[in-house]
Amino acid sequence: MVNLYRSAFKKILLVFVIVLSGNFCIAKDQLPQFANIRFAVKDSLASYFEAFNNFIEKSPVKSLEYANKIIETGQDLANDEVTAFGYTQQGIALTHTHDHAGALMSYSLALKLYEKLGMRNQTARTKNLRALVFKARSEYTEAEQNIGEALAIYKNENNQKGIAESLHYLGSIAWQKSDYNKALEYYDQALDLRKKFSDWSDVATSLKNISLVYRDLSDYEKSKEYMSMALEIYTHNADTLEIANSLNMMGSIYFQNNNFREALEYYRQSYALRSKFGNENELAKSFENIGNTYKGLNITDSAIYYYSLSLDIYKNSGYPEGVALIYNKIGGVYLATRDYQKAYDYYNKVISNSQQLEKSPAIPEAYKNIGNIYSTAGMFEKSLTAYKKALAVEQESGDQRRAAYTKDLIGSMYLNQKDFENALEYYNFSLNDKNSIGNKKDISITLNNIGNVYFEMKNFDKAEDFYKKSLAIGQELNDIWRIASQHNNIGNIALERKKTNLAIEHFILAYNLNKQIQNNFGEALCARKLGEIYMFNGDYNKALVYLNSSLEIGYSLKHNVLIKNALSNLSSCNEKMQNFKDALRLYKEYHAISDSLIVESNNQQFFELQLRNEIEKREISLADAGQELELVKEHLAAAKISIAKKNGYIRFLLISLISVIVLTSVYILRGKQDKTA
């Protein structure tokens, strides 16, 4: 169960990162036509602004320098409009460096000046920008409040383009909260206005974001349809940079649907275009995405190669967060290939550089990955300690959403150990956090987890209650995967209560929904359960249909447990139908794969023992290294004391010598004076 949860957790994090990168874009400002300013000054401001835009993505710290120059120019001229514009650009740059407190301060200074000048549209624009910072901090109430104020101003000013911008930002917040229907509603309203009042680039941006919402709803055909429309607009207008970005997003659609070959093709096309612009940051992202895809294809050498290309760029550009991100990803490849020593080393590199990574999510992610290694070795306590270290870092940095996920992970570890009390405690901690954040999709995950605890406790009434709450959210969000999962869970409860007709009803719903979103594993599980029920009820023909479906998927996924269970059931079903020849053949196949699974299990147990020994040896060597380091420190301290003493003696001798010389000189001088007298 923990492995399944961990896999889902990683996918959620991946989606979370993709979503944030997709909807956090800030529309570029145009340089205002400042009044009463000399042409030479206007030229300087234009050059600062151009440089700001050139560096904002690849080096936001450099952009910050040019924003500061705009502010200085405004202050030298005593021109509040120029100064306010500079503070706005400063806020954008600080947002890109993740200095959210600094960005909010800059926007507040800009707002004060714009309100003093009575510049209503600029005031609204700055409120929208400030809202994006609150959104990045998951402070959705404050974000929505700022956008609401901006929207009211734009409506009073009859600024249709501004209204569309505000609706677009409201859509991005709803999207981040996983309120997909509300997100689509806002995005559609923004799109309608942009078609009438905005330029083609704004229309294309709306189409892209609608596409990504459908992607997260697992409606991949609609997602591709909207992304293709955006791509067509960018192609028509020869916007090569946005063509590259759209191809990259198209790749993410195929990647999320586990169609790694198609994803790889789009990522490569995106890289080919990005390589023409020399934006190192974008190239690093392309290499990272290609690496992710090769990892999905289990082509580990290629995955590490492309991650290394991304790593080199981040190192050369002095971007420690990027370096840490790739270290975690390379560690993940080695973890998947069971090279735990190398995986541990890469995760430890992240933790070793924690001073350079203040408040970076890479640090707790590394702790969680180390916890995964301990978990694989069956070292429950060490795994739990690592997860709790991750949680402490997330809580200290105020990252409430990731902290909630980590509480879920800890809860799952306790559930795996049948420690139901602690599992419920951590799941409820997580649920409280998620309720305060308001992300409905996240809430539905924890409700499901609490249901799992009560199911294991055989408290089916409470389990069903939580599963139905999770189902209701899934239906509200049109989250097909979640709906299918809950119908499967409720079907399991019906089976436990011997209500087979009700179980069939829920399993068929889950089976069809999993088929719709191409969740092959979920489809196979439901098919097996339906086959078992129909076989138990004596409806052998229906049983064969579903059991053969489960077997076929098992072979396609190369999943030996699915294959084993399907073969066992098919053998029993054929025996009941008196097809003894087929029953014997299937039983032999079942026996062969069961033997291979026993060997696998024994190998796994041996491997876990080996891994524990390796971990213990490494911990001893690290402890020895720590002791050696302490001895070196002690020797250094003693040497410093000795040097300090020697320096003291030397200083004393020098002072004494100087004193003797001075006294001698005085004595001689007085003698000469006496003789003269």
Kindly check whether there is at least one residue in the stretch 335-356 that is open to solvent by less than 30 Å² (accessible area, probe 1.4 Å), under 20 Å from the mean Cα position of the chain (by Cα) and under 30 Å from Tyr454 (Cα atoms).
no
Looking across the stretch 54-72 at residues that are open to solvent by less than 40 Å² (accessible area, probe 1.4 Å) and part of a helix (DSSP H, G or I), the single one that is nearest to Pro32 (Cα to Cα) is Ile70
Filter pass, Ala377 being within 18 Å of His98 (Cα to Cα) and among the aliphatic types (A, V, I, L, M): no
Checklist entry - Would you say Phe420 is farther than 25 Å from Leu562 by Cα, at pLDDT 95 or above, open to solvent by 20 Å² or more (accessible area, probe 1.4 Å) and out of contact with any strand residue (DSSP E or B) (no Cβ under 9 Å at 6 or more places or on another chain)? => result yes
task = Check the stretch 474-485 and report whether any residue there is open to solvent by less than 30 Å² (accessible area, probe 1.4 Å), charged (D, E, K, R) and part of a helix (DSSP H, G or I).
result = yes
Asp76 meets each of (1) free of Cβ contacts under 8 Å to residues at least 12 places away in the same chain; (2) within 25 Å of Asn281 (Cβ to Cβ) with one exception, condition (2)
Exactly one of Glu149, Glu142 is open to solvent by 60 Å² or more (accessible area, probe 1.4 Å), at pLDDT 95 or above, closer than 24 Å to Ala93 by Cα and acidic (Asp, Glu), and that one is Glu149
Pairs returned, first residue in the stretch 211-234 that is modelled with pLDDT of 90 or more and in a helix (DSSP H, G or I), second residue that is among the charged types (D, E, K, R) and open to solvent by less than 10 Å² (accessible area, probe 1.4 Å), beta-carbon separation under 8 angstrom, 6 or more apart or interchain, are Ser223/Arg215
If you go through Ser246, Ser286, Ser252, the only one that is under 21 Å from the mean Cα position of the chain (by Cα), free of Cβ contacts under 8 Å to residues at least 60 places away in the same chain, open to solvent by less than 30 Å² (accessible area, probe 1.4 Å) and within 26 Å of Asn328 (Cα to Cα) is Ser286
Residues in the stretch 504-517: is at least one assigned to a helix (DSSP H, G or I), surrounded by 15 or more Cβ atoms within 10 Å (Cβ to Cβ) and under 21 Å from the mean Cα position of the chain (by Cα)?
no
Within the stretch 376-398, residues of a type in the set (S, T, N, Q), surrounded by fewer than 22 Cβ atoms within 10 Å (Cβ to Cβ) and closer than 22 Å to Ile330 by Cα come out as Thr376
Cβ pairs under 9 Å, 6+ apart or interchain, first in the stretch 89-103 and within 13 Å of Ser59 (Cα to Cα) and part of a helix (DSSP H, G or I), second open to solvent by 30 Å² or more (accessible area, probe 1.4 Å) and basic (Lys, Arg), ordered by first then second residue, are Ala93/Lys62
Considering residues that are over 23 Å from Asp479 (Cβ atoms), in a helix (DSSP H, G or I) and of a type outside the set (Phe, Trp, Tyr), the number found within the stretch 415-449 is 6
Log entry, pairs with first residue in the stretch 162-185 being farther than 18 Å from Glu139 by Cβ, second being among the basic types (Lys, Arg) and at pLDDT 90 or above, beta carbons closer than 7 Å, six or more apart or on different chains, reads Ile163/Lys155; Ala164/Arg194
Only one of (1) open to solvent by less than 60 Å² (accessible area, probe 1.4 Å); (2) modelled with pLDDT under 95; (3) among the charged types (D, E, K, R); (4) over 29 Å from Ile473 (Cβ atoms) does not apply to Arg130, and that is (2)
Output for Cβ contacts, cut-off 6 Å, separation at least six or different chains, first residue modelled with pLDDT under 95 in the stretch 550-572, second buried (at least 22 other Cβ atoms within 10 Å of the Cβ) and of a type in the set (Val, Ile, Thr), reads Gly554/Ile563
Exercise. Would you check if Ala324 is part of a helix (DSSP H, G or I) and touching a Gly at 6+ places or on another chain (Cβ under 8 Å)?
Key: no
Scanning the stretch 256-267 residue by residue, the ones that are within 22 Å of the chain's Cα centre (by Cα) and either farther than 22 Å from Glu321 by Cβ or open to solvent by 30 Å² or more (accessible area, probe 1.4 Å) (or both) total 8
All conditions in (1) more than 19 Å from Leu31 (Cα to Cα); (2) open to solvent by 10 Å² or more (accessible area, probe 1.4 Å); (3) in contact with a Leu (Cβ under 9 Å, 6 or more places away or on another chain) are true of Ala103 except (2)
Output for Cβ contacts, cut-off 7 Å, separation at least six or different chains, first residue closer than 20 Å to Gly438 by Cβ and free of Cβ contacts under 8 Å to residues at least 40 places away in the same chain in the stretch 392-414, second hydroxyl-bearing (Ser, Thr, Tyr) and crowded, with 22+ Cβ neighbours inside 10 Å, reads Glu394/Thr406; Lys407/Tyr426; Lys407/Ser430
Note on the stretch 255-283: residues among the polar types (S, T, N, Q), without any contact (Cβ under 8 Å) to a residue 12 or more places away in the chain and within 22 Å of Ile210 (Cα to Cα) are Asn259
Per the filter on the stretch 456-473, residues open to solvent by 60 Å² or more (accessible area, probe 1.4 Å), among the aliphatic types (A, V, I, L, M) and under 29 Å from Tyr220 (Cα atoms) are none
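The values are calculated or read from the model by the stated rules, or taken from the named source; none is laboratory data. Please read all numbers here as calculations on a predicted model, not as lab measurements. Reconstructed Cβ throughout: ideal geometry from the backbone, glycine too, with neighbour counts over all protein chains shown. To get the accessible areas, we keep the full protein, side chains included, count just its heavy atoms, and leave off ligands, DNA and RNA. Shrake-Rupley method; radii C 1.70, N 1.55, O 1.52, S 1.80 Å.
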